[in-house]
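Below is one structure; the comments refer to it alone.
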Amino acid sequence: MKMLNNFILFVDKTNSIIGKYSSWLTTMLVLVVVYDVILRYVFNQSSVGMQELEWHIFAILFLMGSAFTLLKDDHVRVDLFYSRFEEKKKALINIIGIIVFFIPFVLLIIYTSINYVDNSIVLNEASPDPGGLPARYILKAFIPISFFFLLLQGFSLLFKSIITIKNINTEKN
């Protein structure tokens with residue numbers, strides 16, 4: 001049990017740190033967008049690289065923030081009944097959902113994205129647009145990395161749910 005708790009603490013702390021630092025990308029994104037808008041509307045100039053940088057930052061923010069979002073339970077959930085359930089039933093739903101849907105989906109994304117990143121590295125993929133950003137494989141590498149952290153957070157939630165059910169059953173006996 002101590003090992004499970006240590007794993008949960010490690011994963012939660014790691015994803016909290018990643019989420020905290022990833023949130024600074026929002027400030028960076030705002031600055032890049034403001035710069036792009038000023039460049040476009042004040043100086044009547046446009047930069048493909050700047051526009052690509054906007055969506056690169058957004059993609060990294062979204063990907064790296066996903067595990068933190070799961071940690072904080074702020075993800076999108078169809079919550080018609082779940083919010084009214086007792087803790088044991090919520091934990092049971094989490095366990096089933098994680099094992100049946102979450103883990104297979106995340107593993108599939110990791111597995112398929114590794115080849116995607118590898119091909120991008122081999123091709124030294126860059127933007128196809130003139131003035132676009134080089135090294136697109138860096139952005140693509142965030143896909144398996146972020147899903148790995150999401151997988152760890154899923155296991156953390158799974159273990160928390162198991163502990164919740166075990167503690168509720170222990171309290172009743």
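The values are calculated or read from the model by the stated rules, or taken from the named source; none is laboratory data. Because the structure is predicted, anything quoted here is derived from the model rather than measured. Reconstructed Cβ throughout: ideal geometry from the backbone, glycine too, with neighbour counts over all protein chains shown.
Quick look at the numbers
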item: Enumeration of residues in segment 22-54 that are exposed (fewer than 13 other Cβ atoms within 10 Å of the Cβ), of a type in the set (Phe, Trp, Tyr) and either touching a Phe, Trp or Tyr at 6+ places or on another chain (Cβ under 7 Å) or part of a helix (DSSP H, G or I) (or both); result: Trp24, Tyr41
item: Val11 being surrounded by fewer than 11 Cβ atoms within 10 Å (Cβ to Cβ) and of a type outside the set (S, T, N, Q); result: no
item: Test for Asn15: is it closer than 25 Å to Phe148 by Cβ, part of a helix (DSSP H, G or I) and under 15 Å from the mean Cα position of the chain (by Cα); result: yes
item: Residue within segment 89-103 that is in contact with a His (Cβ under 9 Å, 6 or more places away or on another chain), modelled with pLDDT under 95 and assigned to a helix (DSSP H, G or I) present; result: no
item: Every pair of residues 6+ apart whose Cβ atoms lie under 9 Å, when the first sits in segment 42-66 and is free of Cβ contacts under 8 Å to residues at least 24 places away in the same chain while the second is aromatic (Phe, Trp, Tyr) and part of a helix (DSSP H, G or I); result: Met50/Tyr35
item: Search result, residues across segment 105-162 that are assigned to a loop (DSSP other than H, G, I, E, B), without any contact (Cβ under 8 Å) to a residue 60 or more places away in the chain and surrounded by 13 or more Cβ atoms within 10 Å (Cβ to Cβ); result: Glu125, Ala126, Ala135
item: Near pairs, Cβ below 8 angstrom, 6+ apart or cross-chain, from segment 83-102 (over 18 Å from Ala67 (Cα atoms)) to any residue that is outside any helix (DSSP H, G or I) and of a type outside the set (Asp, Glu); result: Ile93/Phe85
